[in-house]
Amino acid sequence: MTVTAAPATQDLLPAVTSLRDEVGSTRLPFDLPGVPAAESGRRELLRQLDDYILPRLASLDAPLLAVVGGSTGSGKSTLVNSLVGSVVSAPGVLRPTTRSPVLVHHPDDERWFTPARILPDLARASGGSSVEGQATMQLVMSSALPPGLALLDAPDIDSVVLGNRELARQLLGAADLWLFVTTAARYADAVPWELLRQASERGTAVAVVLNRVPRASIPVIRDHLASMLKEQGLGTAPLFTVAESELDPDGKLKPEEVARLSSWLSALAKDARARALVVRQTLTGALDSLGPRIQGLVDASGAQVTARTALDKAVQSAYAAAIAGVETGMSDGSLLRGEVLARWQEFVGTGEFFRQVESTVARVRDRVVAAVKGEPTPSAHLDEALHSGVAELIRAEGQGAAITTSRSWRALAGGSALLQAHPDLTRVSPEFDRAVTSLVHDWQGDVLELVRNEGRDRRTTAKVTAYGVNAVGTVLMLVTFAYTGGLTGAEVGIAGGTAILGQKLLEAIFGDQAVRSMAAKAKEALLDRTEAAFHGERERFTGVLDEVDLRADQARTLGAAAAAVRAAR
Ligand SMILES: Nc1nc2c(ncn2[C@@H]2O[C@H](COP(=O)(O)OP(=O)(O)OP(=O)(O)O)[C@@H](O)[C@H]2O)c(=O)[nH]1
Ligand SMILES: [Mg+2]
């Protein structure tokens, strides 16, 4: 008889399958607050989807799986053996006894319990064998159980052995029905109640076995347990009591001690409708519980993407500030102080530049010409000073950007771990120094190119030749560094004043309009080259971010998959 166990539309299985894939591919690589909890929630979701929801949706009429769970020594294995009428799971005095779960089913139901359908990560074994290095589940066939119902003897839920605890929770997650076994001594323990509360919240079908109770105390303890169950919203869970009694020689209870429980289970197995109701209750509850849990994962997943964006922004803004810093340093006259100023003064000789610009220009020309003729070359000194001044500026900004970025990363969520993994990020790259030297050299090439191009007509060419292309280029560099908003500013002070002289010289050669445009082009060329050098430095940070295994749209696609599941129900 085929039974429709849950109100499932045709689209539900594919929708849940896609959701499973989304959960599977969600990554939480940044160490943000709450990530350990979110990650364990993600694993639990995956497990429940693989172990229960998907197999159950795929075959609604598969046998009902009742998982026998509870504290160690509560008599779970003894109970299973007694229900089956033979020792299928070894009971023991050494606690905990059951480490590898035992699933007992009717021979006709064998096909339903392959790893391809349910509990895919548990190896299967039979006859007490085990699979090396892998969690193993014993499969036992027994005609004592009716077809349509399987019993699973699980390890203890509050085990001292971590693996047992986790396995027990995994198995409970795979249950259509949780047969919770407790004893007179243990029924008020915290751990089982935490799991019972979760079962109640998720709507998992639960039946409770109060085991090993001294006959005389049965009424009192039973009442107390019943009221506790009611408080937790499990008031409708069937409650069975099994008295502490003599066991038979192979450790089983007498059949009459488990008669009520046994007949309830057989009735359930035989009644397809009742079974379908139990399956529906648990499946519906499990599907209901997905919503808030997935939402938690969507939030955690989105926070990861936000964290990466913030880290990326820190990189971009530090390097944008570095470029801006170079631009400011080039324009505010600061490059014209110190060594450059000294060399410039050496170049033009100290004098009354401002009162006698014309004659000073003439004198400058004489100096430049002297340089060309192989006499002492103050122009080469100036050139060198300019080179090292601009290189120093770019290096300082590059170093500043690496330091600023790593400082920001340290303060940002997830950044510290990245820096720990890539400690070299806190300094500029080994190549940077060389890159700056060659960019300044290349820029000089750009400037000379500008001078040559501008001096194309005969008169200008003659003048440029008279001064020497290199010397004119050097003066153009100098003028570029005092060039703000189209005018060599008096506002940049003494340094700017110094440059005015250079500007006059260039204007005498090229005309003021041309000087303005040459200075602007030279500046732009240097900024472009600087940007290219910083690009490589910035890429070191963004490269690390790109390597982080994180899809930018993962929160959105996970949310969409969850919405599709809601729509398909
Ligand atoms: N006399 C008596 N002994 C019992 C009864 N139920 C269980 N025992 C004994 O208690 C011990 C523990 O029983 P198990 O069935 O192994 O308990 P378990 O819940 O499977 O324990 P774990 O596998 O460790 O989680 C065994 O030595 C059983 O023989 C009972 O009703 N009467
Ligand atoms: Mg056991």
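Taking the stretch 85-98 as the range and being more than 8 Å from ligand 1 (Cβ to nearest atom) and either touching a helix residue (DSSP H, G or I) at 6+ places or on another chain (Cβ under 8 Å) or at pLDDT 95 or above (or both) as the test, the residues that pass are GLY85, VAL87, VAL88.
Of all the residues in the stretch 397-433, those that are of a type outside the set (Val, Ile, Thr) and farther than 14 Å from LEU311 by Cα number 15.
Of all the residues in the stretch 133-154, those that are within 14 Å of ligand 2 (Cβ to nearest atom) and closer than 14 Å to ALA66 by Cα number 4. Taking the stretch 505-532, which residues are surrounded by fewer than 21 Cβ atoms within 10 Å (Cβ to Cβ) and within 14 Å of THR474 (Cα to Cα)? Result: LYS523, single match. For the stretch 29-42, a residue qualifies if it is surrounded by 13 or more Cβ atoms within 10 Å (Cβ to Cβ) and part of a helix (DSSP H, G or I), and the qualifying residues are VAL35, ALA38, GLU39, GLY41, ARG42.
Give the stretch 62-74 a look and list any residue that's of a type in the set (Gly, Ala, Ser), closer than 15 Å to SER262 by Cα and within 12 Å of ligand 1 (Cβ to nearest atom), or say none.
First, pick out the residues of the stretch 62-74 that are of a type in the set (Gly, Ala, Ser): 62, 66, 69-71, 73-74.
Filter once more, so that each one left must be closer than 15 Å to SER262 by Cα: 66.
Selection gives nothing.
Just need a number here: residues in the stretch 211-246 that are among the hydrophobic types (A, V, I, L, M, F, W, C), within 16 Å of ligand 1 (Cβ to nearest atom) and farther than 17 Å from LEU177 by Cβ. I'd like the intermediate steps shown before the answer.
Keep residues of the stretch 211-246 that are among the hydrophobic types (A, V, I, L, M, F, W, C), which gives 213, 216, 218, 220-221, 225-226, 228-229, 234, 237, 239-240, 242-243.
Right, trim to within 16 Å of ligand 1 (Cβ to nearest atom) and you get 213, 216, 218, 221, 240, 242-243.
Those still in the list that are farther than 17 Å from LEU177 by Cβ too: 213, 216, 218, 221, 242-243.
Of the residues in the stretch 211-246, 6 are among the hydrophobic types (A, V, I, L, M, F, W, C), within 16 Å of ligand 1 (Cβ to nearest atom) and farther than 17 Å from LEU177 by Cβ.
From the list SER59, SER77, the one residue that fits, being of a type outside the set (Phe, Trp, Tyr) and within 16 Å of ligand 1 (Cβ to nearest atom), is SER77. Which ones in the stretch 73-99 are closer than 15 Å to VAL161 by Cβ, hydroxyl-bearing (Ser, Thr, Tyr) and surrounded by fewer than 21 Cβ atoms within 10 Å (Cβ to Cβ)? THR97 - this is the single residue of the stretch 73-99 that is closer than 15 Å to VAL161 by Cβ, hydroxyl-bearing (Ser, Thr, Tyr) and surrounded by fewer than 21 Cβ atoms within 10 Å (Cβ to Cβ).
The single condition from (1) within 16 Å of ligand 2 (Cβ to nearest atom); (2) assigned to a helix (DSSP H, G or I) that LEU45 fails is (1). Put simply, of VAL16, VAL68 the only residue that is more than 22 Å from the chain's Cα centre (by Cα) and either of a type in the set (Gly, Ala, Ser) or within 16 Å of ligand 2 (Cβ to nearest atom) (or both) is VAL68.
For the stretch 247-261, the tally of residues that are buried (at least 16 other Cβ atoms within 10 Å of the Cβ) and away from ligand 2 (no atom under 16 Å from the Cβ) stands at 2.
If I filter the stretch 225-244 for residues that are under 30 Å from GLU547 (Cβ atoms), surrounded by 13 or more Cβ atoms within 10 Å (Cβ to Cβ), touching a residue at least 12 places away in the same chain (Cβ under 8 Å) and among the β-branched types (Val, Ile, Thr), do I get at least one hit? No, there is no match, as no residue in the stretch 225-244 is under 30 Å from GLU547 (Cβ atoms), surrounded by 13 or more Cβ atoms within 10 Å (Cβ to Cβ), touching a residue at least 12 places away in the same chain (Cβ under 8 Å) and among the β-branched types (Val, Ile, Thr). Only one entry in LEU478, LEU448 is part of a helix (DSSP H, G or I) and modelled with pLDDT of 90 or more, namely LEU448. Tell me yes or no: at least one residue of the stretch 401-414 is within 30 Å of LEU476 (Cα to Cα) and in a helix (DSSP H, G or I). Looking through the stretch 401-414, at least one residue is within 30 Å of LEU476 (Cα to Cα) and in a helix (DSSP H, G or I).
Restricted to the stretch 196-237, and to residues that are hydroxyl-bearing (Ser, Thr, Tyr) and within 37 Å of the chain's Cα centre (by Cα), which residue is farthest from ligand 2 (Cβ to nearest atom)?
Here is the first cut: in the stretch 196-237, the ones hydroxyl-bearing (Ser, Thr, Tyr) are 200, 204, 217, 227, 236.
Then drop every residue that is not within 37 Å of the chain's Cα centre (by Cα), which leaves 200, 204.
On the way: SER200: 24, THR204: 21 Å.
Step by step, filter the stretch 196-237, then rank; the result is SER200.
The values are calculated or read from the model by the stated rules, or taken from the named source; none is laboratory data. Everything numeric in this text was worked out from a predicted model, so none of it was measured. Virtual Cβ from ideal backbone geometry, glycine too; neighbours counted across all protein chains shown.
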